[in-house]
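A.B. asks: Have a look at the structure that comes next, please.
The values are calculated or read from the model by the stated rules, or taken from the named source; none is laboratory data. These numbers come from a predicted model, not from an experiment. Note that we place each Cβ from the backbone using ideal geometry, even for glycine, and neighbour counts take in every protein chain shown.
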Amino acid sequence: MDSCEDMRPGHSGLSPQTAAAPFTVSTDHLSYRRGEQVTVQIQAPASTPFTGFLLQAREVGGRSPVGSFTLTPGDAQLLPCSQRPNSAVSHTSGSVKTSIQMTWRSAASEDMKPIQFHASFVQKYRTFWVDVTSPAINFTNDSSGGSTYLPMTPTTTTFQPAPPVGSIISAECGVTKLCFSQPSNCDPAANADCYFMSAMMSPTAAAIRYEMTGPSGGYVSFGFSDDQLMGNDDIYTCGIASDGMVRLQHAFSTGKTTPQAIPLGNVSDLRASVLDGVISCSFTSTNKVSTQRTTGFNTTYYILFAHGPNSNGRIQFHTGTFISSDKVDISTPRVVRKAGWPLIMKAHGALMLTAWMTLGSLGMMVARYLKGVTKRQNLCGKDVWFLVHVAVMSVTIAATIIAFILSFSYVKAWSGGAHPVLGCLVLILSFLQPIVALLRCGPQHPRRFLFNWFHALNGMTIKALAVAAILTGLKLIDSSLDQWLMKVMGGSVGWEVLFYVLLEVHLKWKFNSADILESKMVKVSVLLMALFLLGNVAFLVTLLVGIGTS
């Protein structure tokens, strides 16, 4: 076959893609013995399937195929290359494929050396990638059956007895090791809510000692990337396996799908623990960092940290993540700063805060407590309080819709734990409120009370859910050690509850005190509302400044 040596499909006049391939080639072994079977899997993300492929095993640095393949069921066929039968695998049809698995066996007569699996992928006739490789696997003379096995599912490497969590500390950050944390500059030995990773180069510059720790019921992880987005990332994950033990996984991310496990490689002194819900790992690695675009110890990368749940030992989509503000050289000690939130997400937070902590509260209070203040005052045939209520709540709902669109247009995924769920509930119930209001019966209808009760209860439910959504959202962006944004939000909620109580007491008093002049009652209502708005605006401005500087 003409394609055997250069791995190029016979597409005349066309050149392969130069961008990193979205496909992966993985094996279930870290090493192999003479005549031993190795399972090989080629895989693509669901969003980028391939239609054709060619796979070979070669000695590292070599050009000729070695060993032979046998197939498991799938859309594939065995081919001869370099006059070696069954030394390559290719497709049998142009159907779309996302994963194919086959078995390779070394030849007993060959001089065994480290090998790599080489693959080429065709997405469309004009779009193809050439020579995508697996990590190298070494030959071992161990005849006792001691080859190193790596499942296709997340790696299950057992650690030695682990040090206590307190052994991972922030001392020497910026002096002998690079550190990255949330909240910024936190010490995991003193703060159980600290997410932390460090990297310290050995004196010989041949290895790096990594540490990571953080509170999680599933896993904590860090990775290296050429950009601040998920995809083409070299990742280490420390998670709780299905048997309850903490294990390390080396993986490669191709996008927003589950990272693909790859051999753990040259890792030693593995240690891990989980104590009081805090997962910790430390290990020494001589693996080069590789994003398929750049490789090395002294090349600069963005650092990504993520944590989330797992299910039966398999990691799930992260519930929290933070990224370095710039590329860093992991061989250089420093304290790494987190990247700030993008403007579009800050706008989302500012709109939700303004909508439900100021405008929504104002609209609800006007309807409840200021009807008497505007008695007999009409505009265009409608009570003034009613017009103010409708106008303010309409702006509130519009701001909610815009905030929702901004967040999902940026994230394009479901992440963040309870926050998006609460936000969706706020949006749905907000839509329902004006629809029910338009369909309400007349003021004199005997069942009008049903609308009044539903409208009021739905409004209070939206308010409570909005407060919960804002609190969970602020928790995602508040990286300060004392969580001051959360405290300011708590103060804002307390201020609002205080004035609800004062206005409610005043309303009851007004009903029971007919002998007091109405003008005095009006003045008290207006004064309470004015004081509420002054304090509310002060809290709002503080929170908006906090979001802007987060």
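A.B. asks: Can you tell which of Ala403, Ala418, Ala468, Ala398 is in the same structural domain as Met365 (by TED's automatic domain parsing), more than 27 Å from the chain's Cα centre (by Cα) and under 17 Å from Gly349 (Cβ atoms)? Walk me through how you get there before you give the answer.
C.D. replies: Numbers: Ala403 fails: more than 27 Å from the chain's Cα centre (by Cα); Ala418 fails: more than 27 Å from the chain's Cα centre (by Cα); Ala468 fails: more than 27 Å from the chain's Cα centre (by Cα).
When all the criteria are applied, what remains is Ala398.
A.B. asks: Does Val38 count as assigned by TED's automatic domain parsing to the domain that holds Val96, hydrophobic (A, V, I, L, M, F, W, C) and surrounded by 15 or more Cβ atoms within 10 Å (Cβ to Cβ)? Let's see the steps before the verdict.
C.D. replies: Working: assigned by TED's automatic domain parsing to the domain that holds Val96: yes; hydrophobic (A, V, I, L, M, F, W, C): yes; surrounded by 15 or more Cβ atoms within 10 Å (Cβ to Cβ): yes.
Yes.
A.B. asks: Also, I was wondering about something else. Of Arg368, Arg293, which residue is modelled with pLDDT under 85 and either in a helix (DSSP H, G or I) or crowded, with 19+ Cβ neighbours inside 10 Å (or both)? Quick ask: steps written out before the conclusion?
C.D. replies: Values: Arg293 fails: either in a helix (DSSP H, G or I) or crowded, with 19+ Cβ neighbours inside 10 Å (or both).
Criteria check complete, one pass: Arg368.
A.B. asks: Same structure, new question: Being at pLDDT 90 or above, surrounded by 14 or more Cβ atoms within 10 Å (Cβ to Cβ) and within 43 Å of the chain's Cα centre (by Cα) narrows it down to one of Val493, Val501, Val497, so name that one.
C.D. replies: Residue meeting the stated conditions: Val493.
A.B. asks: Return the residue satisfying two criteria in turn: it lies in the stretch 317-354 and is modelled with pLDDT of 85 or more and small (Gly, Ala, Ser), and of such residues it is surrounded by the most Cβ atoms within 10 Å (Cβ to Cβ).
C.D. replies: Gly349
A.B. asks: Criterion first (closer than 17 Å to Thr321 by Cβ, among the polar types (S, T, N, Q), outside the structural domain of Pro45 (by TED's automatic domain parsing) and in contact with a helix residue (DSSP H, G or I) (Cβ under 8 Å, 6 or more places away or on another chain)) does Thr213 satisfy it?
C.D. replies: Values: closer than 17 Å to Thr321 by Cβ: yes; among the polar types (S, T, N, Q): yes; outside the structural domain of Pro45 (by TED's automatic domain parsing): yes; in contact with a helix residue (DSSP H, G or I) (Cβ under 8 Å, 6 or more places away or on another chain): yes.
When the stated conditions are applied, Thr213 passes them.
A.B. asks: Another question, if that's okay. Scanning for something part of a loop (DSSP other than H, G, I, E, B) and of a type in the set (Lys, Arg), does the stretch 44-62 turn up at least one residue?
C.D. replies: Taking the stretch 44-62 first, the residues part of a loop (DSSP other than H, G, I, E, B) are 44-49, 51, 60-62.
Right, trim to of a type in the set (Lys, Arg) and you get none.
No: zero hits.
A.B. asks: Would the stretch 68-75 turn up any residue that is at pLDDT 85 or above, in contact with a strand residue (DSSP E or B) (Cβ under 8 Å, 6 or more places away or on another chain) and surrounded by fewer than 16 Cβ atoms within 10 Å (Cβ to Cβ)?
C.D. replies: As a first pass, look at the stretch 68-75 and keep what is at pLDDT 85 or above: 68-70.
Cutting the leftovers down to in contact with a strand residue (DSSP E or B) (Cβ under 8 Å, 6 or more places away or on another chain) gives us 68-70.
From what is left, the residues that are surrounded by fewer than 16 Cβ atoms within 10 Å (Cβ to Cβ) are 70.
Yes, some residue in the stretch 68-75 is at pLDDT 85 or above, in contact with a strand residue (DSSP E or B) (Cβ under 8 Å, 6 or more places away or on another chain) and surrounded by fewer than 16 Cβ atoms within 10 Å (Cβ to Cβ).
A.B. asks: Considering only the stretch 86-96, I want to know if a residue exists there that is more than 36 Å from the chain's Cα centre (by Cα) and farther than 29 Å from Ala46 by Cβ.
C.D. replies: Within the stretch 86-96 (the criterion being more than 36 Å from the chain's Cα centre (by Cα) and farther than 29 Å from Ala46 by Cβ), the answer is yes, since at least one residue qualifies.
A.B. asks: Criterion first (of a type in the set (Ser, Thr, Tyr) and either in contact (Cβ under 8 Å) with a residue 40 or more places away in the chain or not assigned by TED's automatic domain parsing to the domain that holds Arg8 (or both)) does Ser106 satisfy it? Can you show your working first?
C.D. replies: Details: of a type in the set (Ser, Thr, Tyr): yes; either in contact (Cβ under 8 Å) with a residue 40 or more places away in the chain or not assigned by TED's automatic domain parsing to the domain that holds Arg8 (or both): yes.
The answer is yes for Ser106.
A.B. asks: Pairs, please: C-beta under 9 Å, at least 6 apart or cross-chain, first residue over 11 Å from Gly491 (Cα atoms) and in the stretch 536-547, second among the hydrophobic types (A, V, I, L, M, F, W, C) and outside any helix (DSSP H, G or I)?
C.D. replies: Ile547/Trp341
A.B. asks: In the stretch 199-229, which residue that is under 21 Å from the mean Cα position of the chain (by Cα) and of a type in the set (Phe, Trp, Tyr) is modelled with the lowest pLDDT? If you could, list the steps in order and put the result at the bottom.
C.D. replies: Restricting attention to the stretch 199-229, the residues satisfying the condition of being under 21 Å from the mean Cα position of the chain (by Cα) are 211-229.
Imposing the further condition that a residue be of a type in the set (Phe, Trp, Tyr) reduces the set to 219, 222, 224.
Values: Tyr219: 94, Phe222: 95, Phe224: 91.
Filtering the stretch 199-229 for residues that are under 21 Å from the mean Cα position of the chain (by Cα) and of a type in the set (Phe, Trp, Tyr), the one modelled with the lowest pLDDT comes out as Phe224.
A.B. asks: Tell me, which strands (runs of 3 or more DSSP E) wholly within the stretch 194-284 include 2 or more residues that are more than 30 Å from Pro49 (Cα to Cα), in contact with a Leu (Cβ under 7 Å, 6 or more places away or on another chain) and acidic (Asp, Glu)?
C.D. replies: Working: elements: 195-201, 208-215, 219-225, 233-240, 246-253, 260-262, 267-275.
Counting at least 2 such residues, we get no strands (runs of 3 or more DSSP E) at all.
A.B. asks: Within the stretch 1-54, how many residues are hydroxyl-bearing (Ser, Thr, Tyr) and either at positive phi or modelled with pLDDT of 80 or more (or both)? Walk me through how you get there before you give the answer.
C.D. replies: If we filter the stretch 1-54 for residues that are hydroxyl-bearing (Ser, Thr, Tyr), which is where we start, we get 3, 12, 15, 18, 24, 26-27, 31-32, 39, 47-48, 51.
Among the residues that remain, those that are also either at positive phi or modelled with pLDDT of 80 or more (or both) are: 15, 18, 24, 26-27, 32, 39, 48, 51.
Counting residues in the stretch 1-54 that are hydroxyl-bearing (Ser, Thr, Tyr) and either at positive phi or modelled with pLDDT of 80 or more (or both) gives 9.
A.B. asks: I've got another one for you. Within the bounds of the stretch 141-149, is there any residue that is at pLDDT below 50, out of contact with any strand residue (DSSP E or B) (no Cβ under 6 Å at 6 or more places or on another chain), under 30 Å from Ser273 (Cβ atoms) and buried (at least 20 other Cβ atoms within 10 Å of the Cβ)?
C.D. replies: No: the stretch 141-149 contains no residue that is at pLDDT below 50, out of contact with any strand residue (DSSP E or B) (no Cβ under 6 Å at 6 or more places or on another chain), under 30 Å from Ser273 (Cβ atoms) and buried (at least 20 other Cβ atoms within 10 Å of the Cβ).
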